[in-house]
Amino acid sequence: MIAIYPGSFDPITLGHLDIIERSNKLFDTVVVGVLCNPNKTPMFSVKKRMEQIHQSTQHLSNIKVDSFTGLTVEYAKLLNAGVLIRGLRVLSDFEKELQMAHTNKTLWEGIETIFLATNKEYSFLSSSIVKEIAKFGGNIDHFVPSNVAGDIYHYYNSDHQ
């Protein structure tokens with residue numbers, strides 16, 4: 001079965017990677033789908049985020065990295081994927097994700113959403129927190145894969161501030 005783990009991954013964190021690694025054991029193929037959201041101004045281009053994810057998941061055999069625009073359900077139909085993977089950190093994530101799962105199900109009966117609770121060591125972690133810490137010169141090495149940390153440090157040490 002094909003499963004999709006959709007998100008912006010700007011940047012991918014060790015929490016995301018944990019969900020990817022655990023999903024890798026559950027499904028034949030896991031597609032990490034990088035959402036192109038025109039309403040957001042990301043730190044990294046879609047191409048760069050895909051490169052970061054690819055580098056961070058090289059040790060996994062059944063992971064594919066792709067990008068998409070539009071509704072996740074339509075992307076799932078296109079790939080003939082039957083499952084969406086969503087990570088949960090805190091109770092507020094559950095409320096939002098459950099609403100989205102119900103909405104997706106009304107858009108396409110053929111999709112199921114699987115929730116994976118994050119490991120407790122990453123329960124506080126988000127891409128936004130990583131960017132905030134890095135922006136003010138904090139150490140993010142224990143929050144993101146090393147290749148991504150380098151990219152983030154470079155971003156904030158260049159003219160992007």
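Who wins for biggest fluctuation among ILE129, ILE20, ILE63 in a Gaussian network model of the chain, springs between alpha carbons below 10 Å? Fluctuation is largest for ILE129. Shown in residue order for region 130-137 are the 3J(HN,Hα) couplings computed by the Karplus curve 6.51 cos²θ - 1.76 cosθ + 1.60 at θ = phi - 60°: 4, 5, 5, 4, 5, 4, 9, x Hz (x for Gly and Pro). The charge dipole of the chain, taken about the Cα centre with unit charges on the Cβ atoms of Lys, Arg (+1) and Asp, Glu (-1), comes to about 80 debye, rounded to the nearest 20.
Please compute the alpha carbon radius of gyration of region 112-152, then divide it by the globular-protein estimate 2.2 N^0.38 Å. Two decimals is fine.
Dividing the Cα Rg of region 112-152 by 2.2 N^0.38 Å gives 1.36.
In order along region 31-42, the phi-based Karplus estimate (6.51 cos²θ - 1.76 cosθ + 1.60, θ = phi - 60°) of 3J(HN,Hα) comes to 9, 8, x, 7, 7, 8, 9, x, 8, 10, 10, x Hz; Gly and Pro are listed as x. Across region 4-69, the relative contact order, built from alpha-carbon pairs under 8 Å that are at least six residues apart, equals 42 percent.
Of the trypsin sites (Lys or Arg not before Pro) found in region 1-42, the ones in coil according to DSSP and having at most 13 other Cβ atoms within 10 Å of their Cβ are LYS25, LYS40. Based on DSSP H segments of at least four residues, each scored -39500 (n - 2.57), the chain has a per-residue ellipticity at 222 nm of -12500 deg cm²/dmol.
The mean sequence separation of alpha-carbon pairs under 8 Å and at least six residues apart, normalised by the residue count of region 1-133, gives a relative contact order of 31 percent.
Residues whose amide H falls under 5 Å from that of SER67, counting only those 5 or more places apart or on a different chain, are VAL34, with hydrogens built in the peptide plane.
Close amide H partners of VAL31, meaning residues 5 or more places away or on another chain with modelled amide H under 5 Å apart, are ALA3, ILE4, TYR5, LYS64. Structure remark: mean-square fluctuation, Gaussian network model of the chain, C-alpha springs under 10 Å; the largest value among SER56, SER127, SER92 belongs to SER92. One way to sum up the overall shape of region 1-149 is the equivalent ellipsoid from its Cα gyration tensor, whose semi-axes run 24, 17, 16 Å, largest first.
Between SER45 and PHE94, the contour length at 0.36 nm per residue exceeds the Cα-Cα span by 14.8 nm.
If the cut-off is 19 Å between C-alpha atoms, which lysines fall inside it for LYS96, apart from same-chain ones fewer than 8 positions away? The qualifying lysines are LYS40, LYS105.
Between GLN55 and GLU109, the FRET efficiency estimated from the beta carbon spacing at R0 = 41 angstrom works out to 0.65.
Read-outs throughout are calculated quantities, based only on the coordinates presented, and are distinct from any laboratory measurement. This structure is a prediction, so every number in the text was calculated from the model and none was measured. FYI the Cβ positions are ideal-geometry reconstructions off the backbone, even for glycines, and counts take in every protein chain you see.
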